[in-house]
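Structure, as C-alpha cells:
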Amino acid sequence: MIKNIIFDMGGVLIDYNPEKTLYGMFDKETADLLLRVIFRNPLWADKDRGIITPAEIMEKVRNEIPAEIFEQVSAMVDNFYPCMPPFEKMEGFVRELKERGFGIYLLSNASSDFHERRKGIPALSMFDGVIISADHKLLKPEKEIYEKLYETFGLNPSECFFIDDVAANIEGAAATGMQGHCYYHGNLEILVADMKERKILE
C-alpha cells in the first residue's frame, strides 16, 4: 500500500527549463553557448552535488562567455529560481494528496541555496520532509540518495511512490524498491490516471 508520495522539484513542482529561459533572454547563438558551457556542463551537476559554488563555476568558464554579458549570466547562475516559476496545478495536486493523508516528501538534485529560496515555492509548505542532493554530496539516480531518504524519514520504499521528470531517476528508485512515474511536460492527467491504475488513488 502506498502511503507516501515523493516529488522531484525541477520539471515537477517548478518550471526548470533553461532552454526556454535562455532563448527568451538571448539570441540563439548566445543561448546555445550558455547551454553548452554552463547548463550542460558537468560542473552544473557538481553544483547540485554540493562540491562547487556558482561563483566557482563562473570563474572556470569566464573565458568562454562574452564579457559584456558575464555579470548578467553570473547573477542568473547564482540564483536561477526566478526563472523557475511554480506550477500552480501541481501545488493543488500536492494539497489534495496531503488532504487524503499521504506523507509528502521532496527528493531533488539541487544546490544548497535551495534553503534560501524555498519560500518562493508555495507547495513546499505542505511537505513532511526534504532531501536535497547538495546537503548529502549525492545525486539521483545514485542508490545512496534514495536510501538516505528512507533512512532519514523512516520510510519503507515499498510504501512510496516517486514522481520525477527524468527516466533514469525513476529507474534508480525502482532499483531500491520504490515504484514511480516519469512525469512529462506537465501531464498531470496522465500522472493521475497512472496512480489510479496502480490503485494509489481512487
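Read-outs: derived from the displayed coordinates by stated rules, not from any lab. If you're wondering where the values come from, they're calculated on a predicted model, not measured in any experiment. So basically every Cβ, Gly included, is an ideal-geometry build from the backbone, and we count neighbours across all protein chains shown.
Key figures
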| read-out | value |
| --- | --- |
| Any hit, region 53-71, residues being in contact with an Asp or Glu (Cβ under 9 Å, 6 or more places away or on another chain), buried (at least 19 other Cβ atoms within 10 Å of the Cβ) and of a type in the set (Gly, Ala, Ser) | no |
| Selected residue [touching a Lys or Arg at 6+ places or on another chain (Cβ under 6 Å), in contact (Cβ under 8 Å) with a residue 12 or more places away in the chain and either closer than 19 Å to ASP165 by Cβ or among the aromatic types (Phe, Trp, Tyr) (or both)] from LEU97, LEU124 | LEU124 |
| ILE51 under 30 Å from ILE200 (Cα atoms), among the aliphatic types (A, V, I, L, M), outside any helix (DSSP H, G or I) and within 22 Å of the chain's Cα centre (by Cα) | no |
| Residue match in region 183-201 (condition: more than 15 Å from the chain's Cα centre (by Cα), at negative phi, aromatic (Phe, Trp, Tyr) and surrounded by fewer than 17 Cβ atoms within 10 Å (Cβ to Cβ)) | no |
| Yes/no for ASP78 being crowded, with 17+ Cβ neighbours inside 10 Å and either charged (D, E, K, R) or touching an Asp or Glu at 6+ places or on another chain (Cβ under 6 Å) (or both) | no |
| Members of region 84-132 found to be within 21 Å of LYS47 (Cα to Cα), in contact with a strand residue (DSSP E or B) (Cβ under 7 Å, 6 or more places away or on another chain) and in a helix (DSSP H, G or I), listed by number | PHE114 |
| Hits in region 153-170 (condition: under 17 Å from GLY11 (Cβ atoms) and loosely packed, with under 14 Cβ neighbours inside 10 Å) | ALA167, ALA168 |
| Search result, residues across region 7-37 that are crowded, with 18+ Cβ neighbours inside 10 Å, part of a helix (DSSP H, G or I) and within 17 Å of the chain's Cα centre (by Cα) | PRO18, THR21 |
